[in-house]
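Below: one structure, written as C-alpha cells.
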Amino acid sequence: MALVKAADVGAGINNLPLVKQLGLMVGFAASIALAVAIVIWAQEPSYRMLYGNLSDQEVLEISTALNQAGIKFQVNDTTGAIMVDAPQIHDARMKLANAGLPKGSGTGYELLDKEQGFGTSQFVETTRYQRAVEGELAKTISSLTNVQSTRIHLAIPKQSAFVRDRKKPTASVMLNLYQGRVMTPEQASSIAHLVASSIPNLEVEDVTVVDQNGRLLTKAEEADEMGRSSTQFEYRKKLEEYYIRRIQEIIEPITGVGKVKAQVAVDLDFTISEQTQESFNPDLPSIRSEQTIEEEILGAGSNGVPGTLSNQPAQAGTTVPPSAAAGSANQAKNSARRSVINYELDKTISHTRHQIGTLKRLSAAIVVDERVTKNEAGEITSKPLTDEEMGKITALVKEAIGFDVGRGDSVNVINVPFLPVPEMEPAAEPSILSQPWIWGAGKLLLGIIAVILIIFVVLKPVLKMLAANGGETDAPAIEGDEKSGDSKTAAPVEDTMPMLSGVTYAQQLEMVKAVAKQEPHRVANIVKDWVESDG
C-alpha cells in the first residue's frame with residue numbers, strides 16, 4: 001500500500017466545496033465511531049440468562065454470591081433477569097446451588113402487609129388470605145432438597161350452618177423437581193401430611209401430589225390393604241438386599257470384585273396372631289382362707305303332754321314351773337362344728353402376640369466366576385474352581401445367611417465363566433460450535449474483519465483520492481508562480497497532461513474547476529493560447 005502524504009490529503013480537502021468538506025468529515029467521524037463500536041462490541045462478553053422472574057430480595061442475594069465468587073454478571077433493567085457470561089453460566093449455577101440459591105419465589109403473608117383500600121369486600125379479603133396461605137406452603141415445600149419450585153391450589157368450600165351440607169376442603173400440590181431427582185412415596189406422603197396439618201378439616205386422603213411429569217405421587221390405597229402390601233414388599237426387598245450384601249462381602253475377597261453374583265429369596269410370614277393362655281399348677285396349692293364354726297345347744301327333753309300340770313305356776317319358793325321340774329331328768333346336750341378352707345392354686349395367665357414378618361424359609365442362588373489365568377504363551381484362560389474351594393464357599397455362604405435345615409433353607413452355588421463385559425464406545429466429542437469460547441472468538445474475528453473493511457474499503461480510497469487531488473493541484477500552481485511574469489510563455493496544457501495520468505476524467509474535471517477558481521488569469525492565458533494556435 002502506497003503511503004499517503006498528509007499534506008496532499010489536506011490540500012485535497014481544501015480543494016473541495018464547503019458542503020462536501022462537511023459531508024466528508026461527517027463520514028470520517030461515522031466510520032471511526034463505527035470501528036470503535038465494533039471493537040468494544042467484540043471485546044464485551046456474551047451474556048446469557050442465569051435466572052429470571054426473581055424477587056428483589058433474591059436478586060440481592062444472588063448478586064452478592066456472584067460478587068463473592070468473582071463471576072461477571074449484569075441485571076436486565078426491563079425483566080430483572082440476571083445475566084452471566086456464557087462460559088461461566090454452569091459454574092455460576094453450581095456455586096449458587098451450593099449456597100442454596102435461589103430459595104424460590106412466591107408470595108406469602110406479604111400480601112397481608114399491603115394496605116387494603118377502603119371498601120374492600122370480604123370475598124377479596126378471604127381470597128387474599130387463601131393466596132397467602134398457598135404461598136407460605138409453597139415456600140415451605142420448596143425448601144426441600146429435591147424440590148425446585150411448588151404450586152399449591154386449595155379448594156376450601158364455604159362452610160354452611162347446617163352440618164349435613166358441610167363439605168370437606170381439598171388440596172392439590174404440583175412439584176417441580178430438580179433434573180435427575182426423584183420423589184419417593186414416603187416423601188410425597190410427608191408433603192401430604194404437611195399440607196393437611198396446615199388447613200383445618202383437611203384430611204390426608206384429600207391431598208393430591210403430582211410432579212412436573214404428571215405422575216401421581218400419592219395414592220388412596222396406601223391406607224388400605226394394598227398399602228400394607230407395598231410396605232411388606234419393601235421390607236422383604238430390603239431384607240433380601242441385606243443377605244445379598246453379606247454374601248458378596250464374604251466371597252468377593254476370595255474370588256475378586258465383580259466375580260460373584262447372588263440372589264436371595266425370603267419367605268416371610270406377615271400373619272398377625274395373638275394368644276391368651278391361663279394355666280393352673282395343682283402341685284403348688286396354698287391356703288387362701290379358713291373358717292371354722294362350732295355350735296353347742298343345751299335343751300330339755302320331753303316334758304309330757306300339755307295339760308293342767310304344765311300350765312300350773314311355780315311352787316312357792318322356786319322359780320321352776322312344775323312341768324320343768326318334772327322333766328329335769330330328761331335334759332340333752334347338742335353340739336355342731338363346721339370348717340371351711342379355701343385353697344389358691346398356682347395360676348398363670350399369658351398373652352402372646354407373634355412377631356410380624358417372621359422368616360419362614362430362605363433360599364440363595366450364587367454364581368461364582370471361574371479363575372482367570374495366563375498360560376505360558378501369554379493367553380488369558382479361565383479355570384474352574386476345585387470341589388474343595390466350592391465346598392468352602394458354600395460353607396461360608398451358609399454361615400453368612402444363618403442357614404437352618406429345620407426351616408427348609410436352601411443354598412445353591414455354581415461355578416461358571418462370566419461373559420466378558422463389552423467395552424463402552426467412547427463418547428462423541430462435542431462439536432466445536434458447542435464450545436462456549438468459539439462464540440467469543442468468532443465475535444472478536446467478526447469485529448476485526450469489519451474494522452479492516454472500513455479501513456480498506458471506505459477510508460483508504462477516500463484518502464487516496466484526496467491525496468491525488470491535492471498533489472495535482474499543487475504542480476500547476478508552482479509552474480505558474482515561476483512564469484507569472486510572462487503570460488505568453490506559460491506551460492501549455494499538453495505539458496500538464498502527463499502529470500494527470502492515472503486520474504479519472506471526473507477527477508480531472510474537478511481539478512480544472514478548482515484551478516479556474518483559484519487562478520482565473522492562468523485559465524485565461526491558456527484559452528488565449530488555444531485561440532491563437534487555432535488561427
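The values are calculated or read from the model by the stated rules, or taken from the named source; none is laboratory data. Please read all numbers here as calculations on a predicted model, not as lab measurements. Virtual Cβ from ideal backbone geometry, glycine too; neighbours counted across all protein chains shown. Heads up: the accessible areas ignore ligands, DNA and RNA and are worked out on the full protein's heavy atoms, side chains in. Shrake-Rupley method; radii C 1.70, N 1.55, O 1.52, S 1.80 Å.
When you check residue 376 against the structure, is it without any contact (Cβ under 8 Å) to a residue 12 or more places away in the chain, within 20 Å of residue 246 (Cα to Cα) and open to solvent by 60 Å² or more (accessible area, probe 1.4 Å), yes or no?
no
Could you list, ordered by first residue, the pairs with Cβ atoms under 8 Å in which the first is in the stretch 73-97 and on the phi < 0 side of the Ramachandran plot and the second is part of a helix (DSSP H, G or I) and of a type in the set (S, T, N, Q), at least 6 apart or interchain?
Going by the 8 Å Cβ cut-off, the qualifying pairs are 73/63; 75/63; 82/63.
Does the stretch 48-67 hold any residues that are over 18 Å from residue 87 (Cα atoms) and either open to solvent by 90 Å² or more (accessible area, probe 1.4 Å) or of a type in the set (Phe, Trp, Tyr) (or both), and which are they?
If the condition is that a residue be over 18 Å from residue 87 (Cα atoms) and either open to solvent by 90 Å² or more (accessible area, probe 1.4 Å) or of a type in the set (Phe, Trp, Tyr) (or both), then 53, 56, 57, 60 are the ones that fit.
Residues that are in a strand (DSSP E or B), modelled with pLDDT under 85 and either closer than 30 Å to residue 389 by Cα or of a type in the set (D, E, K, R) (or both): does the stretch 264-272 have at least one?
No.
Has the stretch 292-312 got any residue that is over 30 Å from residue 232 (Cβ atoms), over 60 Å from the mean Cα position of the chain (by Cα), surrounded by 10 or more Cβ atoms within 10 Å (Cβ to Cβ) and modelled with pLDDT of 75 or more?
no
Using the structure shown, decide if residue 164 is open to solvent by 90 Å² or more (accessible area, probe 1.4 Å), modelled with pLDDT under 90, out of contact with any strand residue (DSSP E or B) (no Cβ under 9 Å at 6 or more places or on another chain) and basic (Lys, Arg).
Answer is yes for this residue.
Run residue 393 past the list (1) open to solvent by less than 90 Å² (accessible area, probe 1.4 Å); (2) outside any strand (DSSP E or B); (3) at pLDDT below 80 and report the number of the one that doesn't hold.
(3)
What about residue 410, is it hydroxyl-bearing (Ser, Thr, Tyr), in contact (Cβ under 8 Å) with a residue 12 or more places away in the chain, surrounded by 10 or more Cβ atoms within 10 Å (Cβ to Cβ) and under 19 Å from residue 240 (Cβ atoms)?
yes
Just a yes or no: is a residue in the stretch 129-136 of a type in the set (A, V, I, L, M, F, W, C) and touching a strand residue (DSSP E or B) at 6+ places or on another chain (Cβ under 8 Å)?
Yes, there is a match, as at least one residue in the stretch 129-136 is of a type in the set (A, V, I, L, M, F, W, C) and touching a strand residue (DSSP E or B) at 6+ places or on another chain (Cβ under 8 Å).
Go through the stretch 224-239 and report how many residues are surrounded by 11 or more Cβ atoms within 10 Å (Cβ to Cβ) and at pLDDT 90 or above.
3
Specify the residue that is modelled with the lowest pLDDT; the eligible residues are those in the stretch 190-223 that are of a type in the set (A, V, I, L, M) and more than 21 Å from the chain's Cα centre (by Cα).
223
Taking residue 364, is it at pLDDT 55 or above and out of contact with any Ser or Thr (no Cβ under 9 Å at 6 or more places or on another chain)?
So residue 364 does not fit the description; no.
Within the stretch 147-191, can you find the residues that are touching a residue at least 40 places away in the same chain (Cβ under 8 Å) and part of a loop (DSSP other than H, G, I, E, B)?
Result: 156, single match.
Which of the helices (runs of 4 or more DSSP H) contained wholly in the stretch 1-106 include at least 2 residues that are at pLDDT 75 or above?
18-43, 56-69, 89-98
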